[in-house]
Number of protein chains: 2
Amino acid sequence: MFELHPRLKQDCIAIGGFPLCRLLLMNDSTYPWFILVPERADIREVHELTDDDQVRLIGESSRLSRWLAEEFEADKINVAALGNMVPQLHWHVIARHVSDPAWPGPVWGKGPPKPYAPEAIDRIRDAAGDALGETFVKRS
Amino acid sequence: MFELHPRLKQDCIAIGGFPLCRLLLMNDSTYPWFILVPERADIREVHELTDDDQVRLIGESSRLSRWLAEEFEADKINVAALGNMVPQLHWHVIARHVSDPAWPGPVWGKGPPKPYAPEAIDRIRDAAGDALGETFVKRS
């Protein structure tokens, strides 16, 4: 049975779900920083997913990436599965800007998170629901 | 026409090629740190690849990851496409150990690289050629 890791539950906001992955927003308004979590139990590594699920993951990641690039006028998209701290497989998709405080370095381990205002979260959830296509379901 | 970015040519060692990606080894023996570069011209982002190439990329990444996990007895595999410094799409696959100097942080931007001895490179190239399957071609 899949259950979201408590650390992801604590640090992130639920935005919705693709056929494979739950879509979370990192509660840090410093960057448009999203996390895809495949809803499969006991998976730590991308290569532990079935071939079909790997194809779903890269497809959902790219759908999200295209939207982020447009919606946030990103200079670059960063995608990564690290998992050195939280073992449950989770896939970062981050819209980067040359003006952001971590550029050109990676975002992990930089300054304290700046939590979102509730209205900003609603706005992002609505925009995601409108943009991410028929198989994406918005939820909170 | 695909041409490897000069910065990747400078920092990395050619190991071989999959059907889609060139396989490079970062010339830093601190970590078993490999880079896959899709041999497609003018691509910066994963989502700019065709759907078929995205499937090839995740497949080649997972084949490489499985080998790294075993060969280097990794505690975790990190995969990422950042590209904030080198715009040509390149995909990091890194075998991490709880004992490595960057753990549990990411490896980018840490200490100066420790170049490999030539024998160590030959050993890795031979092991990759033996392990990565029929569609992988070893080269230097």
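What to note about this one:
- Hits in the range A:69-105 - residues which are β-branched (V, I, T) and within 13 Å of the chain's Cα centre (by Cα): A:I77, A:V79, A:V93, A:I94
- When residues of the range B:23-61 are limited to those that are among the β-branched types (V, I, T) and assigned to a strand (DSSP E or B), the one farthest from the other protein chains (Cβ to nearest Cβ): B:V37
- Taking residues in the range A:122-140 that are without any contact (Cβ under 8 Å) to a residue 60 or more places away in the chain, and partners anywhere that are surrounded by fewer than 12 Cβ atoms within 10 Å (Cβ to Cβ), not one pair has Cβ atoms closer than 7 Å while being at least 6 places apart or on different chains.
- The range A:67-77: number of residues that are assigned to a helix (DSSP H, G or I) and either open to solvent by 70 Å² or more (accessible area, probe 1.4 Å) or at pLDDT below 95 (or both): 2
- A:T50 being more than 13 Å from the chain's Cα centre (by Cα), under 30 Å from B:V98 (Cβ atoms) and surrounded by fewer than 17 Cβ atoms within 10 Å (Cβ to Cβ): yes
- Qualifying positions in the range A:87-99 - more than 9 Å from chain B (Cβ to nearest Cβ), over 20 Å from A:R56 (Cα atoms) and surrounded by 18 or more Cβ atoms within 10 Å (Cβ to Cβ): A:A95
- Close pairs (8 angstrom Cβ cut-off, 6 or more residues apart or separate chains): more than 22 Å from A:P104 (Cβ to Cβ) and more than 7 Å from chain B (Cβ to nearest Cβ) in the range A:65-86, open to solvent by less than 20 Å² (accessible area, probe 1.4 Å) and part of a helix (DSSP H, G or I) anywhere: A:W67/A:A128; A:V86/A:L8
- Flag for B:E3 being of a type in the set (D, E), surrounded by 18 or more Cβ atoms within 10 Å (Cβ to Cβ) and more than 25 Å from B:E134 (Cβ to Cβ): no
- Any hit, the range B:4-11, residues being within 10 Å of chain A (Cβ to nearest Cβ), on the phi < 0 side of the Ramachandran plot and at pLDDT 95 or above: no
- Taken together, A:G111, A:G129 contain a single residue that is within 30 Å of B:R96 (Cα to Cα) and away from chain B (no Cβ under 11 Å), which is A:G111.
- Within the range B:1-22, the set of residues being in a strand (DSSP E or B) and free of Cβ contacts under 8 Å to residues at least 40 places away in the same chain comprises B:C12, B:R22.
- Qualifying residue in the range A:117-131 (condition: assigned to a loop (DSSP other than H, G, I, E, B), modelled with pLDDT of 95 or more and within 16 Å of the chain's Cα centre (by Cα)): no
- Residue in the range B:54-66 that is of a type in the set (D, E, K, R), open to solvent by less than 10 Å² (accessible area, probe 1.4 Å) and over 14 Å from the mean Cα position of the chain (by Cα) present: no
- Of B:G105, B:G111, B:G83, all but one fail to be open to solvent by 30 Å² or more (accessible area, probe 1.4 Å), small (G, A, S) and part of a loop (DSSP other than H, G, I, E, B); the exception is B:G111.
The values are calculated or read from the model by the stated rules, or taken from the named source; none is laboratory data. Note that this is a predicted model, so its numbers are computed, not measured. Glycine also receives a Cβ, built like all others from the backbone with ideal geometry; neighbour counts cover every protein chain displayed. What goes into the accessible areas is simple: the full protein's heavy atoms, side chains included, and nothing from ligands, DNA or RNA. Shrake-Rupley method; radii C 1.70, N 1.55, O 1.52, S 1.80 Å.
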